[in-house]
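Peer 1: Dropping the structure in here first, questions after.
Each reported figure results from applying straightforward, stated rules to the coordinates on display, with no laboratory input. In this text the structure is predicted, and so the values were computed from the model without any measurement. Virtual Cβ from ideal backbone geometry, glycine too; neighbours counted across all protein chains shown.
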Amino acid sequence: MEEINLLMQGFSVALQPENIILMVAGIVLGVLIGVLPGLGGANGIAILLPLTFALPPVSAIILLSCIYWGALFGGAITSILFNIPGEPWSVATTFDGYPMAQQGRAGEALVAAFTSSFVGALIAVVMITFLAPLVAQFALQFGPPEFFAVMFLSFACFIGLSKGSPFKALAAMMFGFLLAGVGLDGVTGQLRMTFGSMELMRGIDFLVVVIGLFGLSEIFQSIEEGLRFKGQSAKITMRTMLKTWSELPRHWWLFIRSSVIGCWMGVTPAGATPASFMSYGMARRMAADKDSFGKGRVEGVIAPETAAHAAGTAALLPMLSLGVPGSPTAAVLLGGLIMWGLQPGPMLFVEQKDFVWGLIASMYIGNIVGLIIVLAAVPWFAMILRVPFSIIAAIILMVCAIGAYTVNSAEFDVVLMLIFGVIGYVMKKLDYPLAPLVLALVLGDRTEESFRQALLISEGSMAVFFSNWLVGSIMVAGLTLMFYPAISRLMQGFRPKAA
């Protein structure tokens with residue numbers, strides 16, 4: 001009951017008129033940030049952080065957190081309409097969201113994505129409200145071995161559950177690891193594979209690669225097919241929203257499972273990106289008709305969006321309770337707390353109750369406000385599909401170039417974007433999956449660092465990855481998923497063949 005009383009006090013803080021105005025402004029800014037490839041929630045918050053120093057800490061954190069919620073919502077828009085992930089965690093949404101838009105079901109996909117995002121975030125906020133002490137204690141058990149095991153499980157999902165050849169998925173993943181190794185070694189500080197280039201010293205940025213692989217390669221394919229937009233007859237009405245909402249309760253178990261995956265990955269902290277990939281892989285694995293995934297299944301939109309929002313929201317828990325950021329955005333917010341004279345950690349809940357519970361209350365209200373805003377704007381987003389593709393292609397190319405340049409303010413990144421656009425086009429033609437490449441590029445550095453740190457702790461013994469029940473169970477699950485195709489064929493060999 002104490003949590004309920006404190007939460008009510010938090011609502012009295014969050015519902016002040018100036019904080020409501022800041023919520024709306026933050027959501028709108030966040031959606032715009034999420035739509036623009038290359039900017040991202042963390043970058044947007046970092047840019048706007050200096051503007052909040054004149055505000056009270058509670059109002060400042062409400063504004064910045066609502067920018068975060070808006071970016072989470074906005075990332076799905078370009079993923080569904082243009083096959084360009086606005087955020088890293090929106091990559092998995094493109095697998096079924098974009099085919100739905102091509103089939104004239106853009107409105108259904110957008111409504112499903114926004115509603116799923118709201119549900120995932122709501123479940124994560126409820127978890128933060130009532131399970132904060134237990135979850136914080138669980139997060140303390142994660143060291144380098146456990147973190148590597150979680151990453152290994154994410155990679156194993158894409159090898160074992162790949163729709164096509166697992167060897168092609170493995171090859172794409174190895175290419176992603178190769179790209180992730182370019183630049184500065186995080187453990188030794190030495191340069192790797194830079195070939196004397198100053199531009200490569202900072203590494204190959206994930207967003208530059210994604211913009212090229214997904215954005216430009218899709219433009220190249222569309223040009224080859226005759227500069228036409230499949231699905232431009234899509235219409236968004238209140239009837240579409242009500243129809244989609246009436247069908248979503250049938251997927252209640254998918255919502256719960258994806259939210260649990262997202263909360264777990266957000267707290268550990270693995271992040272929203274692997275959570276969205278893992279949730280999508282689990283949804284496909286548990287479906288009766290697996291082959292229909294990637295062709296426009298609404299479950300393929302619900303699963304990654306729910307998990308991504310749950311993970312993004314849950315990542316704030318270790319930041320507040322332990323002072324350990326669970327995501328890049330949480331790290332930026334952590335810097336803001338310190339600048340405002342607040343020290344994140346267990347004592348924050350004791351010494352700054354109004355701040356903590358005002359922030360938690362704003363999570364509830366901010367997600368409701370965000371859902372209303374994005375749903376109200378759905379017709380304007382859907383109207384983009386009616387513009388001739390010859391115009392849209394030029395606009396997308398310009399936005400992609402701006403997004404790639406914005407990442408590091410470097411012309412070299414625009415060149416890299418064009419190169420990876422060609423690579424993505426060739427990989428699609430040869431039927432190589434892009435998702436394993438993207439996942440390896442995103443998590444390659446962190447996975448390598450965790451692996452090497454774990455071996456340093458164990459003095460080179462691989463037994464460290466089976467040293468306790470937690471890391472051992474995760475590794476066993478990962479190995480089972482990785483070799484699932486071989487296990488499946490072996491089991492089929494023992495079954496009696498039909499006449």
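Peer 1: As a quick test, which of the pairs Lys243/Lys290; Lys168/Lys290; Lys290/Lys429 have an alpha carbon distance above 29 angstrom in this structure? Can you show the working numbers first?
Peer 2: Numbers: Lys243/Lys290 24 Å; Lys168/Lys290 19 Å; Lys290/Lys429 22 Å.
Violating the 29 Å limit, Cα to Cα: no pairs.
Peer 1: Packing-wise, with mean Cβ within 10 Å as the measure, how do 256-266, 470-480, 24-34 rank, highest first? Walk me through the numbers on the way to the answer.
Peer 2: Numbers: 256-266: 25.2, 470-480: 17.0, 24-34: 22.6.
Descending packing order for the listed peptides: 256-266, 24-34, 470-480.
Peer 1: Let me ask something else. Tell me, what ³J(HN,Hα) does each residue in region 283-291 have, in order and in whole Hz, if you take phi through Karplus 6.51 cos²θ - 1.76 cosθ + 1.60 with θ = phi - 60° and put x for Gly and Pro?
Peer 2: Couplings: 4, 5, 5, 7, 6, 6, 10, 5, 5 Hz.
Peer 1: Taking H placed 1.01 Å from N in the peptide plane, check which residues at least 5 places from Leu191 or on another chain put their amide H under 5 Å from its amide H.
Peer 2: Counting only residues 5 or more places away or on other chains, the set is Asp185.
Peer 1: Give the distance, in whole Å, between the Cα centre of region 65-133 and the Cα centre of region 281-308.
Peer 2: The two parts, judged by their Cα centres, are 14 Å apart.
Peer 1: Straight-line reach only, C-alpha to C-alpha below 14 angstrom: list the aspartates and glutamates that Lys353 could link to, leaving out same-chain residues fewer than 8 apart.
Peer 2: Hits, sequence-local ones excluded: Glu2, Glu3.
Peer 1: Follow-up question, since we're still on this one. Please work out the FRET efficiency for the pair Ala287 and Arg192, using the Cβ-Cβ distance as r and a Förster radius of 35 Å; give the result to the nearest 0.05.
Peer 2: Working: r = 40 Å, r/R0 = 1.15.
For R0 = 35 Å, the calculated efficiency reads 0.30.
Peer 1: Within 10 Å, count the other beta carbons around each residue, average over each peptide in 313-321, 273-281, and list them highest first.
Peer 2: By packing density, highest mean first, the sequence is 273-281, 313-321.
Peer 1: DSSP loop chymotrypsin sites (Phe, Trp or Tyr not before Pro) in region 389-493 with at most 15 other Cβ atoms within 10 Å of their Cβ, which ones? Please list the in-between numbers first.
Peer 2: Numbers: sites: Phe389, Tyr405, Phe412, Phe420, Tyr425, Phe451, Phe465, Phe466, Trp469, Phe483; in loops: Phe483.
In loop regions of region 389-493 (DSSP not H, G, I, E or B), the sparsely surrounded chymotrypsin sites (Phe, Trp or Tyr not before Pro) are Phe483.
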